[in-house]
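Student: Next up is a structure, given as C-alpha cells.
Bear in mind these aren't lab numbers, they're just calculated from the coordinates by the rules spelled out. Given the structure is predicted, the values throughout are model-derived calculations rather than measurements. Every residue, glycine as well, gets a Cβ built from its backbone with ideal geometry; the counts of neighbours run over all protein chains shown.
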2 protein chains.
Amino acid sequence: MIAIIGRGNVATHLFRAFKNKEETCLVNPHTLEGLPADADLTLICVSDNAIGEVVKKLPSSLPLVAHTSGSIPISVLGDKFKNYGVFYPLQTFTKDVELNYKEIPVFVEGDSEKTVEKIKHFASAFSHNIFEADSEKRRKLHLASVFACNFTNALAGIAQNILKEAAIDKTVINPLMRQTLKKLDYMDAGAAQTGPAKRKDDIVINSHLQMLKDHPDLMQIYKSISDLIREQ
Amino acid sequence: MIAIIGRGNVATHLFRAFKNKEETCLVNPHTLEGLPADADLTLICVSDNAIGEVVKKLPSSLPLVAHTSGSIPISVLGDKFKNYGVFYPLQTFTKDVELNYKEIPVFVEGDSEKTVEKIKHFASAFSHNIFEADSEKRRKLHLASVFACNFTNALAGIAQNILKEAAIDKTVINPLMRQTLKKLDYMDAGAAQTGPAKRKDDIVINSHLQMLKDHPDLMQIYKSISDLIREQ
C-alpha cells in the first residue's frame, strides 16, 4: 500500500498513476487525517518549503518514507525514519494536463541498497525509465530541468507577448517549437542551433535589439543568450 | 512552374514540398544555371546576406519573384521586378529532419493585391495555414521565433551540458521538454509557468546560482530569466 501526502499537482498525478496498480490513498498534508500507519511506502509530495513541517508531524514508526523533490537532500528524512529515500519524477505536472507516466524518468535514492530496491519496485509500476541518483546528482537534474522546462516556458511567454503586441495569433509558433524539440531526437542541441546569433548576423541582431528597446529585461535576455550561442 | 533558388535547408525542403504539386526546379544560387525565364514564381531561398547578390544577377523580366526571409523587407525586390513579394514559412528547417508541411504557417506579402493572391495560391499547395503579414509584422514574427526556437534550443543545450557533466543521459529531459510544450496547447505560458523563480524560492535559486559559479555566462542567463519570471 502507498500513502501519498499532498494536494498539489505532483500528488494528484502520482495518485492517479498508482491507484490502478496498488492500493493507494491520498492524504491531506495539513491534517494527515487517515494516514495509514503501515503503508509500504509513504510519499511526501509537497512543496520544498513544506517538507520539513510534514516530516515533523509524521510518526517515526512509518515503514518507509520518501520525498519527491529535486532540490531537497535525502538527509532531511534521515534523523527521523529508519528506512527513507527519494522518488523524483523528472516532469512538469499540471492537474488538468494528461501525462504518459510510463515515459517519465524517475530518479531513486535510498538509505540502503534494500530501500533503493523497494522504491524501484514501486517506481516500476509507474514508469519504464527508472534510474538511481544521489542528492548531488539530483540537484544537477533539477538545475537542468529549470533551463529545459521553466526557462523554455518563459521564452515561449516572451514570444507569445511579442505576437500579441503585433496582433498575431499566439499559436502560430507552436509548430516551430514542436519542431525545435523534434530535432533534438536526431542531433545534439549544439548541432541543431540555427538563427542570427549562430550566423553571427549583426544586422539582424541589432535590428532585434532595437525592437526590444522599451524592454530592457528582454534585451538583457536576448543579448546573454545570443552571446552564448556565438561563442559555441 | 516554380523555380527555387538555393541549396540550403529551406530550399531543399520547399523543393521537396512543391515537387509533387507543381512543376518545380531547384537552381544553384551561384551559377543560376538552368533558371527558367518564365517560371510563374521564382523563390529566392538563400541566407539574408546573400539575397541582394542573387537579386542583382536575376533578369528583371521574371514574372514574379519572392524571397523567404523573416527579416528582409519586401523593398529589396521593389527596384528591380514588376511583380514581387514574400513567402515566409515560420519553421526551422533541417535537411535530414522530416516536416509536416501542411501545418507550417506561411506569411505572405506582395506588391499588390493580385500578387498576394498569386503567392497565396502557390502557398496553398504547401500549407493549410496561410496568413498575410507586412514587412514590419514579419520582423516581429522573426523576433518571436528567435525566442521560441533559437533560444529554446540554446537552453536545451545548456541543460544537455549540465547532464553531461553529471554523467546523466541527455535524453532524460526530452519528456519534460515535450510536456512543457504540450501545456501550451491548454494554457498561456504565463499560466503554465512553474519552478523556483515562480515560487520566489530563493533557497533553491541561490543554490542553483552557486552550482553555476564557474559559468558566469550561464549565471547571467539564469538570473535574467528568473528575474523576468518573478516579476510576472
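Student: List the distances, in nm and shortest first, from the label point of residue B:116 to the matching label points in every other copy, placing each point 7 Å from Cα along the Cα-to-Cβ direction.
Tutor: Nearest first, the other copies' label points are 6.5 nm away.
Student: What number in nm² do you get for the protein assembly as shown if you take the convex hull of its Cα atoms and divide its surface by four?
Tutor: Mean projected area for the protein assembly as shown: 23.0 nm², to one decimal.
Student: So, one more: Return the sequence-ordered ³J(HN,Hα) values of segment B:102-115 in whole Hz as given by the Karplus equation 6.51 cos²θ - 1.76 cosθ + 1.60 applied to θ = phi - 60°, using x for Gly and Pro.
Tutor: Those phi angles translate into 4, 8, 6, x, 10, 10, 10, 9, x, 5, 8, 4, 5, 5 Hz.
Student: Rounded, prolate or oblate, given the Cα gyration tensor of segment B:1-51, with a/c below 1.5 counting as rounded?
Tutor: oblate
Student: From other protein chains only, count the Cβ atoms within 10 Å of every residue's Cβ in A:220-230, then give the mean.
Tutor: 6
Student: To continue, here is another question. Taking each residue in B:48-54, count the Cβ atoms of any other chain within 10 Å of its Cβ, then average. What number comes out? Walk me through the numbers before you get to the answer.
Tutor: Working: counts 5, 4, 0, 0, 0, 0, 0.
The shielding value for this peptide is 1.
Student: A further question follows. Could you run the Debye sum over the Cα atoms of segment A:1-123, one equal point scatterer each and no solvent, and tell me log10 of I(q)/I(0) at q = 0.09, 0.20 Å⁻¹, two decimals?
Tutor: The computed values of log10 I(q)/I(0) come out as -0.21, -1.16.
Student: For the protein assembly as shown, with only Lys/Arg (+1) and Asp/Glu (-1) charged at the beta-carbon, what is the dipole magnitude about the Cα centre, in debye rounded to 20?
Tutor: Result for the protein assembly as shown is approximately 100 debye, rounded to the nearest 20.
Student: Next question. What relative contact order, as a whole-number percentage, does segment A:44-198 give when Cα pairs under 8 Å and 6 or more residues apart are counted?
Tutor: Reported as a whole number, the value is 16 percent.
Student: Along its three principal axes, how long is segment A:188-232 when you only count alpha carbons? Whole Å, largest extent first please.
Tutor: Each principal axis gives a Cα extent; for segment A:188-232 these are 34, 19, 14 Å.
Student: Okay, next question. With a ≥ b ≥ c the root eigenvalues of the C-alpha gyration tensor of chain A, is it rounded (a/c under 1.5), prolate (a/b larger than b/c) or oblate?
Tutor: Prolate shape, in that a/c is at least 1.5 and a/b is the bigger ratio.
Student: Each residue of segment A:132-146 in order: what ³J(HN,Hα) in whole Hz does its phi give by Karplus 6.51 cos²θ - 1.76 cosθ + 1.60, θ = phi - 60°, with x for Gly and Pro?
Tutor: 9, 8, 6, 4, 5, 5, 5, 4, 5, 4, 5, 4, 4, 6, 5
Student: Here's another thing I want to ask about it. Using a Förster distance of 41 Å, how high is the FRET efficiency between residue A:167 and residue B:28, based on the Cβ-Cβ distance and rounded to 0.05?
Tutor: 0.55
Student: Could you tell me the relative contact order of segment A:87-133? Use alpha-carbon pairs under 8 Å, at least six residues apart, and round to a whole percent. If you can, show how the numbers build up before the last one.
Tutor: Details: 60 pairs, mean separation 20.1, N = 47.
That works out to 43 percent.
Student: Taking a ≥ b ≥ c as the square roots of the Cα gyration tensor eigenvalues, with a/c under 1.5 meaning rounded and otherwise prolate when a/b beats b/c, else oblate, which class fits segment A:58-119? Display every interim value, and only then the final one.
Tutor: Working: a/c = 2.32, a/b = 1.90, b/c = 1.22.
Judged from the Cα gyration tensor, segment A:58-119 comes out prolate (a/c at least 1.5, a/b above b/c).
Student: Give me the net charge for the shell around residue A:194: Cβ to Cβ below 14 angstrom, other residues only, Lys and Arg +1, Asp and Glu -1.
Tutor: Local net charge: +3.
Student: Counting only pairs 8 or more places apart or on different chains, how many lysine pairs in segment A:1-114 have C-alpha atoms closer than 17 Å? Intermediate results must be reported in sequence, preceding the final value.
Tutor: Numbers: A:19/A:95; A:19/A:102; A:21/A:102; A:56/A:80; A:56/A:82; A:57/A:80; A:57/A:82; A:82/A:114.
Lysine pairs meeting the criterion: 8.
Student: Which distances, shortest first and in nm, link residue A:187 to the matching position in the other copies, using label points set 7 Å out along Cα to C-beta?
Tutor: Sorted ascending, the copy-to-copy spacings read 3.4 nm.
Student: Ok, one more. Out of residues 5 or more away from residue A:65 or on other chains, whose amide H comes under 5 Å of its own, with H placed 1.01 Å from N in the peptide plane?
Tutor: Residues meeting the criterion, in which the H sits 1.01 Å from N, are A:42, A:83, A:84, A:85.
Student: Over the whole of A:83-96, what's the average partner chain Cβ count within 10 Å per residue? Rounded to a whole number, please.
Tutor: For peptide A:83-96, the averaged partner shielding equals 3.
Student: Can you give me the long-range amide H partners of residue B:24? Hydrogens built in the peptide plane at 1.01 Å from N, cutoff under 5 Å, separation of 5 or more residues or another chain.
Tutor: Correct list: B:2.
Student: Distances in nm, one decimal, shortest first, from residue B:100 to the same residue in every other copy, taking the label point 7 angstrom along Cα→Cβ.
Tutor: Result for residue B:100, in nm, nearest copy first: 1.4.
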